[in-house]
1. Please list 132-144, 112-124 highest first by mean number of surrounding beta-carbon atoms within 10 Å per residue.
2. Suppose each label sits 7 Å from its Cα in the direction of the beta carbon; what would the residue 169-residue 39 distance come out to in nanometres?
3. When the chain is fully extended, how far beyond the present Cα-Cα distance does residue 90 get from residue 116, taking 0.36 nm per residue of separation?
4. How far, in nm, would the chain grow between residue 161 and residue 55 when pulled straight, counting 0.36 nm per residue and subtracting the alpha carbon separation?
5. Got the relative contact order for the stretch 125-168 handy, in percent, Cα pairs under 8 Å and 6 or more residues apart?
6. 5 Å is the cut-off here: which amide hydrogens, built 1.01 Å from N in the peptide plane, fall below it relative to residue 111, excluding neighbours closer than 5 in sequence?
7. Keeping every protein chain present and rolling a 1.4 Å probe, give me the accessible area per residue for the stretch 123-198 in Å².
8. Roughly how many nanometres apart are two label points built 7 Å out from the Cα toward the Cβ at residue 176 and residue 100?
Amino acid sequence: MTSRPPTPHGAGEGPGRAGVPRRWHPAPGPRVTSWLVDWAVVGGWLGVLTLVAFLAPSPWASAQPSTPTAGTLLLTDLLVTVATVVPYVLYLSLTETSRARATLGKRVAHLAVAGAEGGRAADGAVWVRNLVKASPWQLAHLGVSRAVLDVQPGAAAVLVVLSLALVAACAVPSLVGGRGVHDRMAGTRVERVGGDGPAPAAVPPTEGR
């Protein structure tokens, strides 16, 4: 007679092929919720920057050459990176290396960043994860700045296309039960915390005689 211990509530999906337990992954709903909250945080920061830009005159507002110089392009790229991408990476990394292991969005959705096998991820891995995660935003900014300044149109198009491809590589696997390219490169994953928690390893069946 074969008996099997009862599966705890919310324990996940059970054993996979060849008796290997399937990994527990958050459902799409919590992932989208965490993104929306974090986008709201980023949107608030961008709103502050917009207000500052509106009130403060542009350093090159009086000189408008027909073709921007290399220095103007470099300064634009630098300002955009320091004002937007750097704060974004800091927000993600400092919150995900904290005790909560989560951004505000992840905390609302009861998610946390973990190592590939579960448990706390190394701080360095979290920083790598977020540098890769922020790279599409950086590429998009570089492309848009060139489009706005009407310079290097070919490079602008390539940068925007690359940014969209990287966004898809990060986001799509996360919504279908996998790990995005940022998690794979960093050796991390996102798991649920609190409530049911991550699924325990499957318990092998016990043979009764």
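1. Top of the packing list down: 132-144, 112-124.
2. Taking the simple label geometry, residue 169 and residue 39 are separated by 2.2 nm.
3. Stretched out fully, the residue 90 to residue 116 stretch lengthens by 7.2 nm.
4. 34.9 nm
5. Computed value for the stretch 125-168: 43 percent relative contact order.
6. Correct list: 193.
7. Per residue, the stretch 123-198 has an accessible area of 47 Å².
8. Using points 7 Å along Cα→Cβ, the separation is 3.2 nm.
The values are calculated or read from the model by the stated rules, or taken from the named source; none is laboratory data. Treat the numbers as computed from the prediction; the structure is a model and nothing was measured. A quick note on method: Cβ atoms are made from the backbone with ideal geometry, for glycine too, and the neighbour counts reach across all protein chains shown. Protein only, heavy atoms only, side chains kept; ligands, DNA and RNA dropped before computing areas. Shrake-Rupley method; radii C 1.70, N 1.55, O 1.52, S 1.80 Å.
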